[in-house]
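Notes follow the structure.
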Amino acid sequence: MIKPIILTASLFSISTIPAFVAAEETPLDRFGMSFSLDLMMGGEELAAIEFDDGSEESVKAGSGIGFGAGVSYQVDDHIKAEARMSYLSDSASGDTVTGSTITYDFTRYPVDVMGFYQHGKHSIGAGMTYHMSPTLSGEGESYDFDSALGTILEYRFFYSNKATINLKMVNIDYDYKTVSFDGNSFGIGIAGHF
């Protein structure tokens, strides 16, 4: 009677091994990806177009629409490290009082490196942002600014497990030759996390 009991116990142990193995977390499980869309506002005026009715549209150093993608690493249940690269551009276009059509664009490529602390549905992060190749173009001319280093703060609300509404603040200045332009901005956006 001893052998059947031992055999039964052995079969039970073997059958439960896959469940325990599947439940174990691998280092790759801590990595994730994200995609974001942001609307940024603020900064100093870089260029403006005056319309026939006296109104004007301007391009600002802190404004624009941004598209980004990033990778993250979950350090523990609350702390996450993240690196993200984006394309950010502000533009203004229209017919001027002289009857000509003008378009101005200010583009840059932000790279953000941040740390986040999450509690429940709320996450707050801080880090550094490096804006590569800031360029103002218009009327056939192009003005290349120096790449700039700044700071970034971001709040996220998880309205689902993989989607957030984001609020962010950026503190940065852009230099063109001997002139410095204020690029400080505030933004709102959405992101998907996978």
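Here are a few things to note about the model shown:
- Residue that is modelled with the highest pLDDT [pool: residues in the stretch 28-53 that are over 30 Å from residue 164 (Cβ atoms) and either open to solvent by less than 50 Å² (accessible area, probe 1.4 Å) or assigned to a helix (DSSP H, G or I) (or both)]: 46
- Residue selected from the stretch 56-74 under the condition open to solvent by less than 70 Å² (accessible area, probe 1.4 Å) and among the aliphatic types (A, V, I, L, M), by the criterion nearest to residue 120 (Cα to Cα): 69
- Number of positions in the stretch 125-141 that are surrounded by fewer than 14 Cβ atoms within 10 Å (Cβ to Cβ), at pLDDT below 95 and assigned to a strand (DSSP E or B): 1
- Selected residue (only one of 130, 104, 117 is among the aromatic types (Phe, Trp, Tyr) and under 13 Å from the mean Cα position of the chain (by Cα)): 130
- Checking residue 123 against (1) hydroxyl-bearing (Ser, Thr, Tyr); (2) touching a Lys or Arg at 6+ places or on another chain (Cβ under 6 Å); (3) more than 23 Å from residue 73 (Cβ to Cβ), the condition it does not meet: (3)
- The number of residues in the stretch 93-116 being in contact with a Lys or Arg (Cβ under 9 Å, 6 or more places away or on another chain) and open to solvent by less than 40 Å² (accessible area, probe 1.4 Å) comes to 6.
- Annotation: of all residues in the stretch 26-71 being closer than 23 Å to residue 87 by Cβ and charged (D, E, K, R), the one that is farthest from the chain's Cα centre (by Cα) is 57.
- The stretch 159-192: number of residues that are closer than 30 Å to residue 29 by Cα, assigned to a strand (DSSP E or B), open to solvent by 20 Å² or more (accessible area, probe 1.4 Å) and not aliphatic (A, V, I, L, M): 2
- Matching residues in the stretch 54-98 - criterion: being of a type in the set (A, V, I, L, M) and part of a loop (DSSP other than H, G, I, E, B): 61, 75, 97
The values are calculated or read from the model by the stated rules, or taken from the named source; none is laboratory data. Predicted model, so just to flag it, every value in this text is computed and none were measured. Positions of Cβ are backbone-derived with ideal geometry, glycine not excepted, and every protein chain shown enters the neighbour counts. Surface areas here come from the heavy atoms of the whole protein model, side chains and all, with no ligands, DNA or RNA. Shrake-Rupley method; radii C 1.70, N 1.55, O 1.52, S 1.80 Å.
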